[in-house]
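Report on the structure given below.
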Amino acid sequence: MTDSIQLDDTCPQPQSAAVRELLASTPTKELFINGGYQAAASGAVLETLDPATGKTIAHIANAGQADIDAAVLAARTALTGPWAQMTPLERSMILLKVADLIDQNMDELCELEILDQGKPWFVARWAEIPAAANQFRFFAGQAMALEGQTLTPSVNYQPPGKQVQAWTVREPVGVVAAITPWNSPLILTAMKLAPALAAGCTVVHKPAELTSLTALRLAELMTEAGLPAGVLNVVTGEGRQTGAMLAAHTGVDKIAFTGSTATGRAIVDASKSNLKRVSLELGGKSPALVLDDAELDITIPGVANGIFFNGGQVCVANSRAYIHRSIFDKVIEGIAGYAAGLKLGHGLNQETQLGPVVSQLQAEKIESYIQSAKQSGATIVTGGERLGSFGTFIQPTIITGTNNKMPVHCEEVFGPVLVAEPFDDINDALKWANDSDYGLAGSIWTQNLSSAQRLSRQLEAGTVWINTHSMFDPSMTIGGMKQSGYGRDSGKQALDNYLEWKTICAVI
Ligand code: ADP
C-alpha cells in the first residue's frame with residue numbers, strides 16, 4: 001500500500017500577476033501600523049519559504065518592542081477616533097466590503113496562502129478563503145444586532161417619590177491582540193478580526209511567522225474597504241519575541257489566541273501583567289466513533305477526509321478513530337484505499353489533494369511520532385514515510401495497535417496521521433474518546449438516531465458532528481472544553497470575547 005502513495009513534484013506557475021511578481025522579486029514585507037507600512041525598528045527580518053520546495057518567497061519583518069509599542073499605541077488611539085463615531089451600519093458596510101474584496105482578490109489570496117502554507121488549491125479556493133469572506137458577512141450582520149437588557153430591580157432604598165431604573169449595555173473590550181497560527185492563516189484571522197471589529201474593538205494582529213503573507217494583504221484590503229487607520233495593525237515576527245511582547249503589553253486589553261496548548265499556557269501567564277481578557281482556541285485530539293450500523297459509503301470518505309484534509313493540520317481533525325470490531329477491517333481497508341488514491345503534490349497544481357506540511361520542523365515532529373509508535377510495536381497500515389526533495393511531504397498514514405499511553409495516540413500530531421482501534425462495546429469507545437486532556441471536537445457515525453443523540457451529549461467536546469466531520473459555518477460556534485481552551489470563535493458566541501457588559505442604574 002505504502003509504495004502506491006507517490007509524489008508529483010512538478011510546480012506550476014501562479015496565475016495571479018501579483019503573486020508572480022512576488023516570486024520574481026522576493027520582497028521584504030514591512031509591518032502594517034496605523035494605516036501604512038514600516039520596517040521593524042531594528043531592521044530585523046525573517047525568511048518565509050514555500051514549504052513544498054524550500055525556496056524563499058519573501059522576507060517578513062521581525063517586530064521588536066518599539067514596533068509593538070507603536071502598533072498598540074495606534075490601536076489605542078484609534079479606539080476613540082472616527083471608528084468610535086461610526087454607526088453600527090457604517091461598520092457593517094465596511095465588513096461587507098472586506099468580504100467582497102476577498103472575493104474579488106480570490107486567486108491572489110489563494111495562491112499566496114498556498115505558497116506560504118502548502119495547502120492544496122481546492123482547500124484554499126473552495127473551503128478556506130471563501131469561508132474567510134463569509135465570516136466578515138456574518139459579523140457584518142451581528143454588528144447591527146448588539147443588544148443590552150432592561151432590568152427589573154427591586155431596590156428598596158430609593159428616595160421617596162423616585163424610581164430606580166437599570167439597564168445593561170455592551171461595550172467594546174478595547175485593544176485586542178489577535179495571535180493566530182499557520183495551519184489555516186486567513187480563515188483563522190477572519191474568525192478573530194470579524195467579531196472583534198463588529199464589537200467596535202481595535203486590533204493588533206500577530207500572524208504566525210511561517211505564514212504572514214495573507215494577513216498583510218488582508219490589511220491592505222481592509223484599508224481599501226474604508227477601515228480607519230490604526231483600527232487594524234499587523235505585526236509580524238517570531239512567537240517567542242513578537243508574540244510574547246504583544247501578549248504581555250499593558251496597552252492590550254484582550255488576547256484572542258489560536259494555537260498550541262503549550263503556547264496557550266504562555267499566553268495566560270503573559271496576560272497576568274494587567275489581567276487582560278483571554279480567549280484560547282487550542283489543540284485537539286478529536287475522536288471519530290464509528291458504530292456497527294454506520295453507512296460506510298459516507299463514513300469511509302468522511303473519516304478519511306477528517307484526517308487527511310489540509311494534511312491533518314486542522315485543530316479539529318479526527319486523529320483518533322474507534323471503530324466497531326465487526327466492521328473494523330472493512331473501514332480501515334476503505335480509508336487506506338482512499339489514502340492510496342490521494343494525489344500528493346504542490347498546492348498550486350489543481351489536481352493536488354494532499355500538499356506538504358508547513359515546515360521541515362513540523363515534518364520531523366510528525367515523523368518522530370510515527371517512529372515512536374513503530375518502536376512501541378504499533379502497526380503502520382499504510383504511509384509513514386516522508387517524500388520530496390525538501391522532505392515536507394508526509395504520506396497519509398494509518399496506525400493501529402496503539403494505546404492511550406503512546407504519544408501518537410494521546411498527543412496532537414498535527415499531520416496526516418490517523419490512529420484507529422476496534423471496540424466491542426460503545427461504552428468502552430466513549431470512555432477512550434473522553435480519556436483525553438483535549439475536548440475540542442468529535443464525530444459519531446451511525447444511522448441510529450438514539451445512539452447519535454445520546455453519544456453527542458456524552459462526548460466531552462465543544463463540537464460534535466453526526467455522520468460528518470469538520471463541517472463549518474459562520475453561524476456555528478467553535479471552541480474547546482478541557483485543555484482545548486476557553487471562549488468561542490465563529491457564531492454569535494464569538495462576540496462575547498470582544499464585549500464587556502456595563503450596568504447602568506438610575507434614580508429618576
Ligand atoms: P506551533 O507551536 O504549532 O508553531 P504556536 O501555538 O506556537 O504553534 O503558534 C501560534 C501563534 O502563537 C503564532 O503566531 C506564534 O508566533 C505565536 N506564539 C508562539 N509562541 C508565543 C508566545 N510565547 N507568546 C505569544 N505568542 C506566541
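The values are calculated or read from the model by the stated rules, or taken from the named source; none is laboratory data. Keep in mind the model is a prediction, meaning the values are calculated, not measured. All Cβ positions, even for glycine, are placed from backbone atoms using ideal geometry, and neighbour counts span all protein chains on display.
Which pairs do you get when a residue that is on the phi > 0 side of the Ramachandran plot, found in region 229-258, comes within reach of a residue that is within 8 Å of the ligand (Cβ to nearest atom), reach meaning Cβ atoms under 7 angstrom, with the pair 6+ apart or on two chains?
Pairs found: Gly237/Glu209.
Taking region 357-371 as the search range and keeping residues that are over 11 Å from Ile394 (Cβ atoms) and part of a helix (DSSP H, G or I), which one is farthest from the ligand (Cβ to nearest atom)?
Among them, the one singled out is Gln371.
Are any residues in region 386-406 more than 14 Å from Gln6 (Cβ to Cβ), at pLDDT 95 or above and hydrophobic (A, V, I, L, M, F, W, C), and if so, which ones?
Ile398, Ile399, Met406 - these are the residues of region 386-406 that are more than 14 Å from Gln6 (Cβ to Cβ), at pLDDT 95 or above and hydrophobic (A, V, I, L, M, F, W, C).
Take Val98 and decide whether it is part of a helix (DSSP H, G or I), touching a residue at least 40 places away in the same chain (Cβ under 8 Å) and closer than 24 Å to Ala18 by Cα.
Values: part of a helix (DSSP H, G or I): yes; touching a residue at least 40 places away in the same chain (Cβ under 8 Å): yes; closer than 24 Å to Ala18 by Cα: yes.
So Val98 passes the test.
How many of the residues in region 13-30 are in a helix (DSSP H, G or I) and surrounded by fewer than 16 Cβ atoms within 10 Å (Cβ to Cβ)?
Qualifying residue count, region 13-30: 6.
Which count do you get for residues in region 267-302 that are buried (at least 18 other Cβ atoms within 10 Å of the Cβ) and either without any contact (Cβ under 8 Å) to a residue 24 or more places away in the chain or within 11 Å of the ligand (Cβ to nearest atom) (or both)?
Total satisfying the criteria: 7.
Give Glu30, Glu21, Glu47 a once-over and let me know the one that is free of Cβ contacts under 8 Å to residues at least 60 places away in the same chain and under 18 Å from Thr223 (Cα atoms).
It is Glu30.
I need the full set of residues from region 338-374 which are over 20 Å from Arg320 (Cβ atoms) and free of Cβ contacts under 8 Å to residues at least 12 places away in the same chain, in order please.
Gly341, Leu361, Glu364
Output the number of residues of region 49-68 satisfying the condition of being part of a loop (DSSP other than H, G, I, E, B) and surrounded by fewer than 20 Cβ atoms within 10 Å (Cβ to Cβ).
4
Show me the strands (runs of 3 or more DSSP E) found entirely inside region 261-331 where at least 1 residues are within 20 Å of Trp432 (Cβ to Cβ) and of a type in the set (A, V, I, L, M, F, W, C).
Where strands (runs of 3 or more DSSP E) fall fully within region 261-331 and carry at least 1 residues being within 20 Å of Trp432 (Cβ to Cβ) and of a type in the set (A, V, I, L, M, F, W, C), they are 287-290, 320-324.
Does Leu344 satisfy being within 16 Å of the ligand (Cβ to nearest atom) and either modelled with pLDDT under 95 or crowded, with 18+ Cβ neighbours inside 10 Å (or both)?
It is false that Leu344 is within 16 Å of the ligand (Cβ to nearest atom) and either modelled with pLDDT under 95 or crowded, with 18+ Cβ neighbours inside 10 Å (or both).
With respect to the numbered conditions (1) in a loop (DSSP other than H, G, I, E, B); (2) on the phi < 0 side of the Ramachandran plot, which one is the sole condition not fulfilled by Gly43?
All conditions pass for Gly43, except number (2).
Could you list, in sequence order, all residues of region 247-258 that are surrounded by fewer than 24 Cβ atoms within 10 Å (Cβ to Cβ) and near the ligand (Cβ under 10 Å from one of its atoms)?
The one that is surrounded by fewer than 24 Cβ atoms within 10 Å (Cβ to Cβ) and near the ligand (Cβ under 10 Å from one of its atoms): Ala248.
When you scan region 175-188, do you find a residue that is touching a residue at least 24 places away in the same chain (Cβ under 8 Å) and over 18 Å from the mean Cα position of the chain (by Cα), even just one? Even if it seems obvious, please write down each step before you answer.
Keep residues of region 175-188 that are touching a residue at least 24 places away in the same chain (Cβ under 8 Å), which gives 175-188.
Restricting the remaining residues to those that are over 18 Å from the mean Cα position of the chain (by Cα) gives 175.
Yes, region 175-188 contains a residue that is touching a residue at least 24 places away in the same chain (Cβ under 8 Å) and over 18 Å from the mean Cα position of the chain (by Cα).
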